[in-house]
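Comments concern the structure below.
None of the figures in this text is laboratory data; all of them are computed from the coordinates on show. Just so it is clear, the structure is predicted and the values come from calculations on it, not from any experiment. FYI the Cβ positions are ideal-geometry reconstructions off the backbone, even for glycines, and counts take in every protein chain you see.
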Amino acid sequence: MRDSRELAGAWSRFQSHGFAPAADDLAGLVARYWWARWDLRGEPGYRQLIVPQPSVQLTFPTDGPPMVRGVSRGRVRRTLSGLGAVFGVTFRPGVFRRFLDTPVDALTDRALPAATVFGPDLPPLDPAPPTRTAEARNPAPGGGDATERAVAVMVADFERFLRARMPPGDPVGDEVAGWVADIAATPALRRVDQLAERYGTGARRLQRLFAEHVGVSPKWVIRRYRLHEVTERMAARAPGATIDWAGLAAELGYADQAHLVRDFTNMFGEPPTSYAARY
């Protein structure tokens, strides 16, 4: 049986989340910061669906040490329980190679303690939800709430740490990062041979560079961003409106609707209609 808290956004009753941008001088490395908090005290655990992204993540959870998480090629579920929170750093796809001694695909579908990558001086960021007493005692500047203030402090602490330990530049990684951004912004890019022609390189070189700098294949990245367009269409539709799935499949380069639904289910863990019911 499906957890009724997954449907129609009911999860927002006990969970909140948000995002924060990186400073301009770090935007070439950090795509964005994010946070999530939940209060499930007195309730059973909740299996959270995490949609895969072509990015390496650095996470600071309340229930364990900071972790570096490579790209997950498929959907991931993590069980939330009690009162908890996590603060995350999403690195720009293609740039994390400069932090490692190995290609990024060594992290794919894996997680490892962040200290093994960033050393023992990584700041101990605390994403724990602020208490109402603390919020009243330390209001955020400008009228914001204690959550905004706590997130701003964590962002500032991490950016101070990163600026002091900036890795050497990586022109090849920056080029690959540009390719990933181009894929995300160009719906007409649907196949690896199109990428090879567009970037003036061979398919084998694309495969090698994506494995080394992104952690997954260019085909995976293309599929991920094209399927993201499906979720965008679902979010933008008017209440009660239907989606022409066959037409959308053809527009995204699929042979038929069944292939689109299969790929979506493999990536997100459920068919498009079930995913729509969640949100």
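Building the convex hull from the alpha-carbon atoms of the range 194-279 and averaging its projection over directions returns 6.6 nm².
Expressed as a fraction of 2.2 N^0.38 Å, the value expected for a compact globular protein of N residues, the C-alpha radius of gyration of the chain is 1.07.
Rounded, prolate or oblate: pick one for the range 24-84, where a ≥ b ≥ c are the square roots of the eigenvalues of its C-alpha gyration tensor, a/c under 1.5 means rounded, and failing that, prolate if a/b is larger than b/c, else oblate. Cα axes put the range 24-84 in the prolate bin.
Note on the chain: dipole from Cβ charges, positive end direction compared against Ser81, Ala258, Thr147; the farthest Cα belongs to Ala258. Here the sum of -39500 (n - 2.57) over DSSP H runs of 4 or more residues, divided by the residues of the chain, equals -11500 deg cm²/dmol at 222 nm, to the nearest 500.
In this entry, the range 4-164 is assigned a mean projected area of 10.7 nm², taken as a quarter of its C-alpha convex hull surface.
In terms of the mean number of neighbouring beta-carbon atoms within 10 Å, the peptides 246-253, 164-171 order highest first as 246-253, 164-171. The mean sequence distance of close C-alpha pairs (under 8 Å, at least 6 residues apart), as a share of the length of the chain, puts its relative contact order at 20 percent.
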